[in-house]
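Worksheet: the structure to be examined is printed underneath.
The values are calculated or read from the model by the stated rules, or taken from the named source; none is laboratory data. As the structure is a prediction and not an experimental result, all values here were calculated from the model. Quick reminder, even Gly has a Cβ in these numbers, built from the backbone with ideal geometry, and neighbours come from all protein chains shown. What goes into the accessible areas is simple: the full protein's heavy atoms, side chains included, and nothing from ligands, DNA or RNA. Shrake-Rupley method; radii C 1.70, N 1.55, O 1.52, S 1.80 Å.
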Amino acid sequence: MAKDRTLLSVEMGARIAERRKQLGWTQEQAAEASGLSWQFFACVERGIKNIRAESLLNLSRAMNVSADYILTGKESKVDYGYLLKYIEPLSEMQLNCLEEILKNYLLGCGYQLSDS
């Protein structure tokens with residue numbers, strides 16, 4: 001069965017390959033740093049296989065580039081994956097408190113919040 005190469009997969013793979021080369025890494029080194037097999041990493045770079053969200057975050061952290069850049073080609077001033085690293089270990093109660101703090105902060109900045 002032939003693998004479908006979508007434009008997004010090919011573009012993402014090209015950005016990953018470009019970043020890997022900027023770092024002076026081989027595919028094997030990049031794959032190891034990202035926790036991926038070399039074979040899978042090579043397929044992702046060629047746009048043959050798609051990468052799961054968790055693996056994309058691991059890859060972006062290992063290569064010190066935002067997941068937004070890998071996905072869209074545009075640099076983001078905020079790396080949400082980096083922020084998630086701090087949020088993930090919080091308990092449900094701590095997350096509820098953080099949500100209230102964020103809502104109050106946004107309201108104080110003049111944002112209109114919807115209840116959706």
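For the subset of region 41-99 comprising residues that are more than 21 Å from Ser9 (Cβ to Cβ), open to solvent by 90 Å² or more (accessible area, probe 1.4 Å) and outside any helix (DSSP H, G or I), which member is modelled with the highest pLDDT? By that ranking, first place goes to Pro89. In the set Arg15, Arg5, only one residue is in contact (Cβ under 8 Å) with a residue 24 or more places away in the chain and not in a helix (DSSP H, G or I); that residue is Arg5. In the condition set (1) surrounded by fewer than 16 Cβ atoms within 10 Å (Cβ to Cβ); (2) under 15 Å from the mean Cα position of the chain (by Cα), Met12 is compliant with all but (1).
Just one of the listed residues (Glu54, Glu28, Glu18, Glu32) is among the charged types (D, E, K, R) and within 14 Å of the chain's Cα centre (by Cα), namely Glu54.
In region 33-46, the residues that are farther than 14 Å from Lys21 by Cβ form Cβ pairs under 7 Å with partners that are assigned to a loop (DSSP other than H, G, I, E, B), at six or more places apart or across chains, as follows: Phe40/Lys49; Cys43/Lys49; Val44/Ile51. Which residue pairs have Cβ atoms closer than 8 Å, lie 6 or more positions apart in sequence or on different chains, and pair a first residue in region 78-89 that is farther than 17 Å from Asn64 by Cα with a second residue that is at pLDDT 80 or above and open to solvent by less than 100 Å² (accessible area, probe 1.4 Å)? Going by the 8 Å Cβ cut-off, the qualifying pairs are Ile87/Leu95; Ile87/Leu98. Which count do you get for residues in region 18-28 that are over 25 Å from Leu84 (Cα atoms) and open to solvent by 50 Å² or more (accessible area, probe 1.4 Å)? Final tally of qualifying residues: 7.
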